[in-house]
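> Got a structure for you, written out below as structure tokens; questions coming shortly.
What follows is calculated from the coordinates using simple rules that are stated; it is not laboratory data. Please read all numbers here as calculations on a predicted model, not as lab measurements. Positions of Cβ are backbone-derived with ideal geometry, glycine not excepted, and every protein chain shown enters the neighbour counts.
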Protein chains: 4
Amino acid sequence: MPYTKRTDLAVEARELWAESAPKTTKLSGVKAEDLKCHGYDVTRIQILDREGERALDKPQGTYVTVELSALARREEDAFARGVSAIREQLLPLLGMVRDDSVLVVGLGNRAITPDAVGPSTAKHTLATRHLVEHVPEHFGHFRRVTVVQTGVLGTTGMESAEMVKALVAQFRPNRIIAVDALASRKLTRICRTVQICDTGIAPGSGVGNARAKLDRETLGVPVIAVGVPTVVDAGTLVSDLLEESGRDMVPPEQWGPYGGGMIVTPKEIDTQVADISKLIAYALNCTLHDGLTIEDVDMLTS
Amino acid sequence: MPYTKRTDLAVEARELWAESAPKTTKLSGVKAEDLKCHGYDVTRIQILDREGERALDKPQGTYVTVELSALARREEDAFARGVSAIREQLLPLLGMVRDDSVLVVGLGNRAITPDAVGPSTAKHTLATRHLVEHVPEHFGHFRRVTVVQTGVLGTTGMESAEMVKALVAQFRPNRIIAVDALASRKLTRICRTVQICDTGIAPGSGVGNARAKLDRETLGVPVIAVGVPTVVDAGTLVSDLLEESGRDMVPPEQWGPYGGGMIVTPKEIDTQVADISKLIAYALNCTLHDGLTIEDVDMLTS
Amino acid sequence: MPYTKRTDLAVEARELWAESAPKTTKLSGVKAEDLKCHGYDVTRIQILDREGERALDKPQGTYVTVELSALARREEDAFARGVSAIREQLLPLLGMVRDDSVLVVGLGNRAITPDAVGPSTAKHTLATRHLVEHVPEHFGHFRRVTVVQTGVLGTTGMESAEMVKALVAQFRPNRIIAVDALASRKLTRICRTVQICDTGIAPGSGVGNARAKLDRETLGVPVIAVGVPTVVDAGTLVSDLLEESGRDMVPPEQWGPYGGGMIVTPKEIDTQVADISKLIAYALNCTLHDGLTIEDVDMLTS
Amino acid sequence: MPYTKRTDLAVEARELWAESAPKTTKLSGVKAEDLKCHGYDVTRIQILDREGERALDKPQGTYVTVELSALARREEDAFARGVSAIREQLLPLLGMVRDDSVLVVGLGNRAITPDAVGPSTAKHTLATRHLVEHVPEHFGHFRRVTVVQTGVLGTTGMESAEMVKALVAQFRPNRIIAVDALASRKLTRICRTVQICDTGIAPGSGVGNARAKLDRETLGVPVIAVGVPTVVDAGTLVSDLLEESGRDMVPPEQWGPYGGGMIVTPKEIDTQVADISKLIAYALNCTLHDGLTIEDVDMLTS
């Protein structure tokens, strides 16, 4: 049995299916389309039924991937276009009405760099609930947003899902946006790809330590997940490389010290996580509050 | 009307009462005793009735102050004795039985140095609930402890008290220990005094921005507060100095730009907050888990 | 003898002189002018001779103060105007020619928040010497800039001045720009005022711990100092308040525990130091490299 | 041509030689011995001549490796034994006399976690030169130690070697100890192995970006390097795995997106770098100052 390739991206799950399935088979129960959005490549995958779920090993729903390639090339308006692209893809998945309130959840461990996308995004996301409720004359046009960093089981003793469940019961948000680090199969996608989906998330996937799920079923509220791959599992990298060079798989039992918990990551992961987290936070702020611009967010968060 | 001197310490509230009351009056409704504990000066103040409440402007209950003077002199066993002293004073106020579970709450803003005692203590406090529940064969002798940093209203949109209320409903702890920064009247007490009380706390007192209370009434669970003064209000400092030098008060309207929100703090506040937070966390760990030593905590938290 | 009021700002030294001198005396040896620069109030003080030196207790030279009041009011273009104002005031004091190289020195202790202006500014300042020398085809139009954080005596065992002297001998810069935290007399100036002078600096003034000087005499190269007040000495605050309310001074011997090393600082000092440091770094970058814009710096430093 | 396996450890260079050389060949010009030191495995490799240099691709000199395996198993006295073992191996390589002064250099980028061993060690190393010189009555029995973090070329514009050269000319230390992150070939050695050698170092090896050397030849002073592997080069990992499973090499041109600059590192790299840096700093402190104990260092650095 070959080493199981690990990815949290629907777009890569589809690639893996295509590689393993007989050439003539058609992927049924899955609809995919490629588009351009503010200059970025976007792939929109819909898993429509049980067959699609089994094929891609993901629950039914919509998975949108934005490839922020221009960020890496440091093009001048790359940040602004990235914010617009994520906003445009996020809005229909959120499907909110005027007065809806939102809980933004930063998942992951801020003390582990490749796991810090959630906490780092939360830090730049505007919390407005208290302003809307106490100073409506100035903030009445904002949406009520609460922001939480759940921490991780090892330092809190509470599953993130349990903690969010408690906050949902108390604050009754209409939507949850959960931000987390993911694992991808390809190194080129690290900190350059954002996946947005309407099926929730199991925190900790990115660092190979999945926990209880946050989704509509467990929380009673729609959960939109925003994820960024920050690592490639070392085993996945090796398997891929072997295949591409036409070699056989290495059976897991021969992995020895090369396996368990090792990750591949770029040297500049600290900066890259900081940059992409800021971009996502700006996109959330501009999505959640009508008419807010990047300059407004600069003023309100600095 | 003179500038109101600001303190969160019962021991200082009593001093202020003594200074303002006629010499012959006796402070009624308040019982105080001085003792030594592991070489440190301890003052134990009990507010017994409504009269005592009015005199000291604090709710009925017990307030214990440990003066960790030896820490400043860097005596060799100062840390270990401090841990023992806080443990010994904390235990009777907690009044726990064998199977009680505890929620430790780190209040305050970790991005503002003098407000970071709560978050910094939480970081060093062992979370054990998940270990006790999932690996009872190894951790059965530990108490179930959950740990949370609530963040502050401005960055979460949620009052700390509301968030704790939500967690209490979900996790049903038998006791809450809330750790926060306080304001004292005397500079000599900064980061050298620990106040433990059984009457709960209003988060943010230390930085002059008090919020909804965490106490037995609001949460339905006994709340033990552990506080450390990290600042002196600039106005309080000036008033005290004037009085001691036999001068009149400065009326608040003459304060102009010297008042509002200015704090007095030692230059080394970053290190001092880090040091005292670690000491409190070690004391909590040794209090909450029978037989745990400082060396054990070193091993488990490093 | 009254408590000596402490300030590192020439503009405040002049105010103190005016308060203590007989009304009819004229301040001789000092020239001062007020101007507007990109909407900000600028004061330009020149100490012309020994008499001026004695009166203001500062060496002969030019001291320019920019009051960045609009930053506090969060006006939209406050940052861009601040960068332009500092650039415009800094350029003539630097008096550079095309090929001059510059050493930027961040003084102070990055582990002590109110002392971190220097290190924090250095972090955002572009180092370009290696690029100009090794990739002249792309970076030939940049000036050669080296950047160093000297650390502090307590953690390096070396005086900052000695370390800079060593680097000057090795790298032979034509100009030195030294950035440090200062002490002011007025709370309203904290993190809102930038002083630029051509007389060098004694590091550590801001936190009351002055060390060997960095100036043209000790280093053999013109030293332009850029300073920001981050604290008010607690004693200075009290003296000022007493005077303004018509009371006598408190003699230093009565200060007791209120004096030694205590500082007054705003609660938000962490954010304020981060913000002003970024502004100064951007101003340095735009001053040192012809034609560089804020957007360029965003691209090059993020 | 196979992918060149990358390692900075002499002990691994010897393993690689043994794997590639014909079975009957003897490694000439290299002497190696295995010993135990405070319970840890120590390997002492001496490169004696040009032949040895060519075989292991390292300059003549002594390379000692301490394998701190017990740290990973969290044995109780692992830290204290590690400090003793490193001290015992370091002392003869330093070969100091009573009055020698020492410059400790922390190489690497503190903003990149796996490159932060040098800066992080420097932070915990006691600087004593100023104390010995100014307060000899209290510190006369200490050695004069200066400590510097050089930063990296990209943020300073100066090669670390140039900066150290400048400091050597100014402060005239008798010995230099340079601490840096390294790359190893085996994941099991990450943050568990310390290599001490008397041949100096090229900074940045650990993150694949080697710079001008710091050694006796370039600086005129003996340079002892202390290095810790924090990463495995992704290509090296794959090559090794292929070989062990009996497969052919993958030619570099087939690597595509899997190569350039990617590293393999444990998820817990942040904590592991912090822990090993502290251990090395404590070992340096106990080595440089006669009679200093771990408890003394605790008191002096906290």
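> Which aspartates and glutamates, on any chain, are close to B:K23 with Cα under 14 Å apart, when same-chain ones fewer than 8 places away are left out?
Excluding near neighbours in sequence, the set is B:E15.
> Let me check against my output: what whole-number percent is the relative contact order of the stretch A:123-185, with C-alpha pairs under 8 Å and at least 6 apart?
21
> What's the long-distance tail for the protein assembly as shown, i.e. % of Cα pairs beyond 45 Å?
The share of Cα pairs beyond 45 Å in the protein assembly as shown comes to 41 percent.
> Which cross-chain or sequence-distant (5 or more) residues have an amide H under 5 Å from the amide H of D:M158, H modelled 1.01 Å from N in plane?
C:V147
> Give the nm distances, rounded to one decimal, from C:R73 to the matching residue in every other copy, measuring between label points 7 Å along Cα toward the beta carbon; shortest first.
When each copy's label point is compared with this one, the spacings are 4.3, 5.4, 6.9 nm.
> Next up: Given the rotation relating C and D, tell me which residue in C puts its Cβ closest to the axis and the distance in Å.
Minimum Cβ distance to the axis, with residue: C:A166, 2.
> Then there is this: Considering only DSSP beta bridges where both residues belong to the protein assembly as shown, give the percentage that are antiparallel (nearest 5).
60
> Related question: At 7 angstrom along the Cα-to-beta-carbon line, where would the label on D:L300 sit relative to the other copies? Give the distances in nm, shortest first.
Those label-point separations list as 3.2, 4.3, 5.2 nm.
> Return the ratio Rg/(2.2 N^0.38 Å) for chain C, where Rg is computed over Cα atoms only.
Normalised Cα radius of gyration, chain C: 1.00.
> Averaged over peptide C:161-170, how many Cβ atoms belonging to another chain are found within 10 Å of each residue's Cβ?
Across C:161-170, the average partner-chain Cβ count within 10 Å equals 5.
> While we're on this one: So, in nm, how far is label D:T188 from label B:R50 when the simple model puts each one 7 Å beyond its Cα toward the Cβ?
It is 7.5 nm.
> Using a cut-off of under 17 Å, list every residue of the stretch C:265-285 whose amide N is near the label point 7 Å from the Cα of C:E15 along the Cα-to-beta-carbon line.
Zone members listed by number: C:265-266.
> Sorted from fewest to most neighbouring beta carbons within 10 Å, what does the list C:L279, D:L219 look like?
Details: C:L279 24, D:L219 21.
If I rank by nearby Cβ atoms, fewest first, I get D:L219, C:L279.
> Right, something else. HN-Hα J couplings of the stretch B:272-287 from phi, Karplus 6.51/-1.76/1.60, θ = phi - 60°, integer Hz, Gly and Pro as x?
5, 5, 4, 5, 5, 5, 5, 4, 5, 4, 4, 5, 4, 4, 6, 7
> Still on this structure: Mean residue ellipticity at 222 nm from the helices of the protein assembly as shown, using -39,500 (n - 2.57) per DSSP H segment of n ≥ 4 over the full residue count, to the nearest 500 deg cm²/dmol?
Here the helix-only value at 222 nm equals -11000 deg cm²/dmol.
> Which of rounded, prolate or oblate describes the stretch A:1-99 when judged by the alpha-carbon gyration tensor and an a/c cut-off of 1.5?
Taking the square roots of the gyration eigenvalues as a ≥ b ≥ c, the stretch A:1-99 is oblate.
> State, to one decimal in nm, how far the label point of B:T4 lies from the label point of B:E243, with both points 7 Å from Cα in the Cβ direction.
Going from the B:T4 label point to the B:E243 one covers 1.5 nm.
> Can you list the equivalent-ellipsoid semi-axes of the stretch A:62-198, largest first and in whole Å, using the square root of 5 times each Cα gyration tensor eigenvalue?
Here the semi-axes work out to 26, 21, 14 Å.
> Enumerate the amide H contacts of C:R143 below 5 Å, restricted to partners 5 or more residues apart or on another chain; note that Pro and chain-start residues carry no placed amide H.
Amide H neighbours of C:R143: C:D290.
> Per residue of the stretch A:153-166, what does 6.51 cos²θ - 1.76 cosθ + 1.60 with θ = phi - 60° give for ³J(HN,Hα)? Whole Hz please, x for Gly and Pro, Karplus curve as stated.
3, x, 9, 10, x, 10, 4, 3, 5, 5, 5, 5, 4, 4
> Pairs C:K123/C:K278; A:K186/A:K267; B:K58/C:K267: which exceed 20 Å Cα-Cα?
Flagged as over cut-off: B:K58/C:K267.
> Only four residue types carry charge here, +1 at the Cβ of Lys and Arg and -1 at the Cβ of Asp and Glu. Report the dipole size of the stretch B:51-140 about the Cα centre in Debye, rounded to the nearest 20. Walk me through the numbers on the way to the answer.
Values: 10 positive and 13 negative charges, 52 e Å.
Dipole about the Cα centre, nearest 20: 240 debye.
> Give me C:T265, D:T25 ranked fewest to most by other Cβ atoms within 10 Å of their Cβ, as a rough exposure proxy.
Least to most surrounded, the residues fall as D:T25, C:T265.
> Moving on. Take D:L16, D:L48 and order them by how many other Cβ atoms sit within 10 Å, fewest up front.
D:L48, D:L16
> Please find, in a Gaussian network model of chain B (springs between Cα atoms separated by less than 10 Å), the residue of B:Y40, B:Y63, B:Y282 whose mean-square fluctuation is greatest.
Largest GNM mean-square fluctuation: B:Y40.
> 7 Å along Cα→Cβ for the label point: how many nanometres lie between A:E137 and each equivalent label in the other copies, listed shortest first?
6.4, 6.6, 6.7
> Rg to Rh ratio, the stretch A:99-152, alpha-carbon atoms and Kirkwood radius?
Taking Rh as the inverse mean 1/r over Cα pairs, Rg/Rh reads 1.11.
> Tally Lys/Arg at +1 and Asp/Glu at -1 over every other residue whose Cβ is under 12 Å from the Cβ of A:C286; what's the total?
The answer is -3.
> While we're on this one: Using each residue's phi in the stretch C:215-230, evaluate 6.51 cos²θ - 1.76 cosθ + 1.60 at θ = phi - 60° and report the 3J(HN,Hα) Karplus result to the nearest Hz, with x for Gly and Pro.
Result, rounded to whole Hz: 8, 4, 5, 6, 10, x, 9, x, 10, 9, 9, 10, x, 10, x, 10.
> Here's something else I'd like to know. Quote the relative contact order of chain A in percent (integer), defining contacts as alpha-carbon pairs under 8 Å separated by 6+ residues.
Reported relative contact order: 21 percent.
> In a shell of Cβ-Cβ distance under 11 Å around B:Q149, excluding B:Q149 itself, what net charge do Lys and Arg (+1) and Asp and Glu (-1) give?
Around B:Q149, the surrounding residues sum to +3.
> Residues with beta-carbon under 12 Å from that of C:I269, excluding C:I269: net charge, scoring Lys, Arg +1 and Asp, Glu -1?
-4
> Taking the DSSP beta bridges in chain B as the whole, what percent of them are antiparallel, to the nearest 5?
Approximately 60 percent, going by the DSSP bridge assignments.
> What is the set of long-range amide H partners of D:G151 at a cut-off below 5 Å, with H atoms built 1.01 Å from backbone N?
The answer is D:G108.
> Right, here's the next one. With all pairs of different alpha carbon atoms counted, what Kirkwood hydrodynamic radius in Å does the stretch A:69-142 show?
Across the stretch A:69-142, the inverse of the average 1/r is 15.1 Å.
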